[in-house]
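Trainee: Could you have a look at this structure, given as structure tokens, before my questions?
Any read-out appearing in this document is the output of simple, stated calculations on the displayed coordinates, not a laboratory observation. On a predicted model such as this, the values are computed, not experimentally measured, just so you know. All Cβ positions, glycine included, derive from the backbone under ideal geometry; neighbour counts span all protein chains shown.
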Amino acid sequence: MDLKALIRNVPDFPKPGITYRDITTLLANAAGLQYTINSMAEKCADLAPDYIAGIESRGFIFGMPLAYKMGLGFVPVRKPGKLPSAVYYAEYELEYGTDALEIHQDAFPSQSRVLVIDDLIATGGTAAAAAKLIAQANCQLIGFGFIIELTFLAGRQKLPQVPIVTLVQY
């Protein structure tokens with residue numbers, strides 16, 4: 001299946017010169033969504049994760065059904081202030097300033113094998129912060145899964161040396 005054909009390109013969003021890769025058209029296509037989850041599950045099966053960690057918010061969209069498909073637990077990686085219990089915290093750089101992510105301190109048993117999922121990798125900052133959270137939780141980051149990779153932004157270079165699965169590259 002041609003996933004690129006199901007992803008809408010929106011020129012000049014959110015600002016001039018940027019082409020936004022809109023996954024809502026993929027999500028609305030039942031066959032495309034099933035293909036996406038099945039493909040990611042197949043490509044990540046050999047990594048043998050214990051848990052899927054999905055990055056807010058679109059990592060939830062793909063991480064939850066992937067965890068279900070693979071028979072795994074799911075852990076949300078959230079923006080600050082959204083989780084009700086004790087958290088680990090990791091900041092990352094934005095174009096202008098910083099942001100942060102959190103997970104519950106009791107999200108995983110120690111030494112769990114964790115696969116991080118998000119919809120897209122661009123500069124790699126968000127995924128790198130998620131990797132720091134996995135390390136703080138005394139767990140093993142075994143890989144990343146992204147539906148879309150913007151290769152020209154070289155986000156892979158910011159990530160730990162673990163397998164990176166992507167389904168579509170621009």
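Trainee: How do 144-150, 117-123 rank on mean C-beta neighbours within 10 Å, highest first?
Mentor: On the way: 144-150: 24.3, 117-123: 22.7.
By packing density, highest mean first, the sequence is 144-150, 117-123.
Trainee: For the charge dipole of the stretch 1-64, defined by +1 on Lys and Arg C-beta atoms and -1 on Asp and Glu C-beta atoms about the Cα centroid, which residue among 19, 57, 44 has the Cα displaced farthest towards the positive pole?
Mentor: Positive-end residue among those listed: 19.
Trainee: Among the listed pairs 43/69; 69/132; 43/79; 82/132; 4/82, which are separated by more than 22 Å between their Cα atoms? Please report the intermediate quantities before stating the final value.
Mentor: On the way: 43/69 13 Å; 69/132 26 Å; 43/79 28 Å; 82/132 18 Å; 4/82 33 Å.
Result: 69/132; 43/79; 4/82 exceed 22 Å.
Trainee: Please report the antiparallel percentage of the DSSP beta bridges confined to the stretch 46-169, to the nearest 5. Kindly include the intermediate steps, with their values, before the conclusion.
Mentor: Details: 9 of 31 bridges.
Taking every DSSP beta bridge within the stretch 46-169, about 30 percent pair in antiparallel fashion.
Trainee: Calculate one ³J(HN,Hα) per residue across the stretch 145-153 by plugging θ = phi - 60° into the Karplus curve 6.51 cos²θ - 1.76 cosθ + 1.60, and present them in order as whole Hz with x for glycine and proline.
Mentor: x, 10, 5, 10, 10, 8, 4, 5, 8
Trainee: Could you tell me the distance between the Cα centroids of the stretch 35-63 and the stretch 87-153, to the nearest Å?
Mentor: After rounding, the separation between the Cα centres reads 13 Å.
Trainee: Could you work out the relative contact order of the chain? I mean the mean sequence separation of Cα pairs under 8 Å and 6+ apart, divided by the number of residues, in percent.
Mentor: Details: 346 pairs, mean separation 31.3, N = 170.
Relative contact order, the chain: 18 percent.
Trainee: How large is log10 I(q)/I(0) at q = 0.21 Å⁻¹ when the Debye formula is applied to the Cα atoms of the stretch 46-169, each weighted equally and without solvent?
Mentor: Here log10 of I(q) over I(0) equals -1.25.
Trainee: Given the options 88, 131, 29, identify the residue whose Cα lies farthest towards the positive end of the charge dipole of the chain (+1 on Cβ of Lys, Arg; -1 on Cβ of Asp, Glu).
Mentor: Final value for the positive-end residue is 29.
Trainee: Using only Cα positions of the stretch 2-105, each an equal point scatterer, no hydration layer, compute I(q)/I(0) via Debye at q = 0.15, 0.20 Å⁻¹ and quote the log10 values to two decimals.
Mentor: -0.83, -1.13
Trainee: Next question. Which GluC sites (Glu not before Pro) from the stretch 70-103 combine a DSSP loop assignment with at most 16 other Cβ atoms within 10 Å? Please list the in-between numbers first.
Mentor: Working: sites: 91, 93, 95, 102; in loops: 95.
Sites meeting the loop and neighbour criteria: 95.
Trainee: Another one. Could you sort 106-116, 5-15, 23-33 so that the peptide with the highest average Cβ count within 10 Å comes first and the rest follow in order? Present the calculation step by step, with values, prior to reporting the outcome.
Mentor: Details: 106-116: 18.6, 5-15: 11.9, 23-33: 15.2.
Per-residue Cβ counts within 10 Å, averaged per peptide and sorted highest first, yield 106-116, 23-33, 5-15.
Trainee: What is the projected area of the convex hull of the Cα atoms of the stretch 28-82, averaged over all directions, in nm²? All intermediate terms of the calculation are to be shown ahead of the outcome.
Mentor: On the way: hull surface 16.3 nm².
The number I arrive at for the stretch 28-82 is 4.1 nm².
Trainee: Restricting to DSSP loop positions (anything but H, G, I, E, B) with no more than 15 other Cβ atoms inside 10 Å of their own Cβ, which chymotrypsin sites (Phe, Trp or Tyr not before Pro) remain in the stretch 20-128?
Mentor: Counting only loop positions with at most 15 other Cβ atoms within 10 Å, the chymotrypsin sites (Phe, Trp or Tyr not before Pro) in the stretch 20-128 are 96.
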